[in-house]
Amino acid sequence: MTGPLAALTPVVRVAPAKLNLTLAVIGRRPDGYHDLHSVFVPLTLCDRLSLVPSAGAADTLHMTGFPVGGRSDGGAGSGGADNLVLRALAATRRAVGGGWAGGPGPAPAIAARLDKRIPVAAGLGGGSSDAAAALDGALEVWGAELDDHARSSVAVGLGSDVPFFAAGGPALVEGRGERVTPLHGLRGAPGILLVTPPVAVSTPDVFAAFAAIRGTGDGAVRLSSAHLASELGSGLGTSDLVARAGVMAAANDLLPAVALVLPELMPFRRALSRLLHRPIGLSGSGPTLWVVYPSSSEAVQAAETVRTAAADGSLAIPGDGAPFVAATTIALPLIMLDGSPESRPRAGPESSPGASPPRRIDP
Ligand code: C5P
């Protein structure tokens, strides 16, 4: 390729997973979505997306890692056109129009590589995070910019969780997902254990079940969510967060709906609580369950306990096969780690050699 993009090296983005520490459903909206009040945190567990300009006619996506095409053996595959990365590239190109470094024609095709580490359809937001990373990375590849309004409208058009990832950092998420208020008060890095049984849960099915049985959320969950958001906005240490684990684990309005869609998850959640002697939370619409620990090493130990119990059959796992079990931590943006004014860290260390990595990344 010749022209303004010829000399560029790959643009790399880390795409973190998320947890919902609380999830209050306020009610159904006229557009069919639900208004939420939810505290989201990004995790150091992440996918990695690498983008290069390509001479081809269309964007391409090559995927590796876990799980691709239903395989968990690290097989490789190419994403279908419905993959959120390809949709994000197309939507960003439309929004940029001729306003890129080599304009006024349309921005060129991109060859994307996605290394999946986040289980899919698991309540961890992996696909949405990949989409936010693709949006941001494509702008860098093309030497293009979008103002905040245009960027937000591309993000929310891709999915309700995408604006959270596009903003970066712990946040209160409201509306359908488009209102994101950063919460800068978390101090320290609690250990987080994730356990995802090998069963996919459809988010639309869970919201449909919620609408059928309840329609509006429990006021107590909304109060817990508001309280946690206010504390995380002003200042909360790791031990305070651990002390609130019981409240957070109960603060998900989707729990009764998930119990209808995936009944096996509830006995599994109880069995996990008996095994670990800790409150067990549900992320989003599941099926990922989470446990918060004062330190990473305790989360690592707990992961070992769960793997052993799953392997020796003392913990019955819903679905077919082994669960995804990972010890991770909450990822804080630089502004919260060292007080630097950089509030929107997106690039991994590969894209800016010599610069300090903007996110802590799992080894
Ligand atoms: O926006 P996204 O594609 O991630 O949403 C998936 C589905 O989840 C929607 O079609 C809708 O059924 C449900 N949803 C909702 N309210 C939200 C977010 C998602 O009802 N705030």
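Filtering region 153-180 to residues that are β-branched (Val, Ile, Thr), within 16 Å of the chain's Cα centre (by Cα) and more than 10 Å from the ligand (Cβ to nearest atom) leaves only 180. Scanning region 173-190 for residues that are assigned to a strand (DSSP E or B) and open to solvent by 50 Å² or more (accessible area, probe 1.4 Å) turns up 179, 181, 182, 187. Answer with yes or no whether residue 105 is without any contact (Cβ under 8 Å) to a residue 12 or more places away in the chain, more than 13 Å from the ligand (Cβ to nearest atom) and more than 16 Å from residue 48 (Cβ to Cβ). In short, yes. Does region 158-176 include one or more residues that are farther than 28 Å from residue 261 by Cβ and among the basic types (Lys, Arg)? Scanning region 158-176 turns up no residue that is farther than 28 Å from residue 261 by Cβ and among the basic types (Lys, Arg). Selection of region 191-213 for residues being within 13 Å of the ligand (Cβ to nearest atom) and open to solvent by 50 Å² or more (accessible area, probe 1.4 Å) yields 203, 204, 205, 208, 212. Just the residues that are over 16 Å from residue 280 (Cα atoms) and open to solvent by 30 Å² or more (accessible area, probe 1.4 Å), please, taken from region 249-262. Selection gives 260, 261.
When you scan region 1-52, how many residues do you find that are at pLDDT 95 or above and open to solvent by less than 40 Å² (accessible area, probe 1.4 Å)? Going through region 1-52 one residue at a time, the tally reaches 31. Of the residues examined, residue 246 is one that is more than 16 Å from the ligand (Cβ to nearest atom), surrounded by fewer than 17 Cβ atoms within 10 Å (Cβ to Cβ) and touching a residue at least 12 places away in the same chain (Cβ under 8 Å).
Scanning region 146-172 for residues that are of a type in the set (Asp, Glu) and either open to solvent by less than 10 Å² (accessible area, probe 1.4 Å) or over 22 Å from residue 101 (Cβ atoms) (or both) yields a single hit, 161.
For every residue, the table says whether it meets (1) in contact (Cβ under 8 Å) with a residue 40 or more places away in the chain; (2) under 12 Å from residue 25 (Cα atoms); (3) β-branched (Val, Ile, Thr).
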site: 175; (1), (2), (3): yes, yes, no
site: 192; (1), (2), (3): yes, no, yes
site: 210; (1), (2), (3): yes, yes, no
site: 233; (1), (2), (3): yes, no, no
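Residue count for region 55-95, restricted to those that are at pLDDT 95 or above and among the polar types (S, T, N, Q): 2. Residue-level analysis places residue 224 among those that are among the hydroxyl-bearing types (Ser, Thr, Tyr), at pLDDT 95 or above and outside any loop (DSSP other than H, G, I, E, B).
Out of the residues in region 115-145 that are part of a helix (DSSP H, G or I) and over 28 Å from residue 196 (Cα atoms), which is most open to solvent (accessible area, probe 1.4 Å)? Looking at residues that are part of a helix (DSSP H, G or I) and over 28 Å from residue 196 (Cα atoms), I get 140. Looking across region 84-114, just one residue is open to solvent by less than 20 Å² (accessible area, probe 1.4 Å) and over 27 Å from residue 160 (Cβ atoms), and that is 109. Scanning region 221-231 for residues that are out of contact with any Ser or Thr (no Cβ under 7 Å at 6 or more places or on another chain), in contact (Cβ under 8 Å) with a residue 24 or more places away in the chain and away from the ligand (no atom under 16 Å from the Cβ), we see that the one that is nearest to residue 322 (Cα to Cα) is 229.
The values are calculated or read from the model by the stated rules, or taken from the named source; none is laboratory data. Since this is a predicted model, take the numbers as computed values, not measurements. Virtual Cβ from ideal backbone geometry, glycine too; neighbours counted across all protein chains shown. We work out accessible area using only protein heavy atoms, side chains counted, and drop any ligands, DNA or RNA first. Shrake-Rupley method; radii C 1.70, N 1.55, O 1.52, S 1.80 Å.
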